[in-house]
Every structure is written in C-alpha cells, then in structure tokens.
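Below: the structure, in structure tokens.
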Amino acid sequence: LEALDVLLMPLVAYDVHGVRLGVGGGYYDRLLSTQSRGSGPDRVGVAYARQQAPALPREDWDVPLNAILNENGWFPFPL
C-alpha cells in the first residue's frame, strides 16, 4: 500500500465531503485504517456524476476520498 500513489475506488454513491458509500463489505476502509492519517495513496472514487448524493452518513471507521473522477472530470474534496 505504501508503494501506491493513487488508489482507484469503486462506489455506489459519494457526497460533497468525500464520504463514500461502497457495497457494504468495508474492505477498503479496513485496508486504509492500517495507514496513519495523511499517509498512503490518494483515495480517488470512480463514479458517474449522477451518483453524487447531497449527504451520506459517516461512521468513525470510514476513510474519506481525496477526490472523485467522473465523466465531467477530476474533482478534489471538498467540492
């Protein structure tokens, strides 16, 4: 994980704060929880713009995205 610059992450939905809704397995959050805050690869969600939600619930273990990549371009958070 330390050797990666960018981690592309699939998702079901995202919000303007970089909160990502996955498919419920928690695999990415568990992997990224091993990294100290601010270290590791940039976390980039790959989605369609229509997958943006106004707000999503965030749990303590959720690791937010750094940016979103969609058909309209590259957008760092916060939007």
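The values are calculated or read from the model by the stated rules, or taken from the named source; none is laboratory data. Keep in mind it's a predicted model, so treat the numbers as computed, not measured. Ideal geometry is used to build each Cβ from the backbone, glycine not excepted, and the neighbour counts take in all protein chains shown.
Restricting attention to the stretch 6-38, the residues that are among the acidic types (Asp, Glu) and at pLDDT below 85 total 1. In the condition set (1) out of contact with any helix residue (DSSP H, G or I) (no Cβ under 7 Å at 6 or more places or on another chain); (2) touching a residue at least 12 places away in the same chain (Cβ under 8 Å); (3) farther than 23 Å from Glu2 by Cβ, Asn72 is compliant with all but (1).
If you go through the stretch 56-76 and pick out every residue that is more than 20 Å from Pro41 (Cβ to Cβ) and touching an Asp or Glu at 6+ places or on another chain (Cβ under 7 Å), you end up with 1. Farther than 15 Å from Leu79 by Cβ and among the small types (Gly, Ala, Ser), is that true of Gly26? Against the criterion (farther than 15 Å from Leu79 by Cβ and among the small types (Gly, Ala, Ser)), Gly26 qualifies.
Among strands (runs of 3 or more DSSP E) entirely within the stretch 4-78, having at least 2 residues that are surrounded by 15 or more Cβ atoms within 10 Å (Cβ to Cβ) singles out 6-10, 42-46, 67-70.
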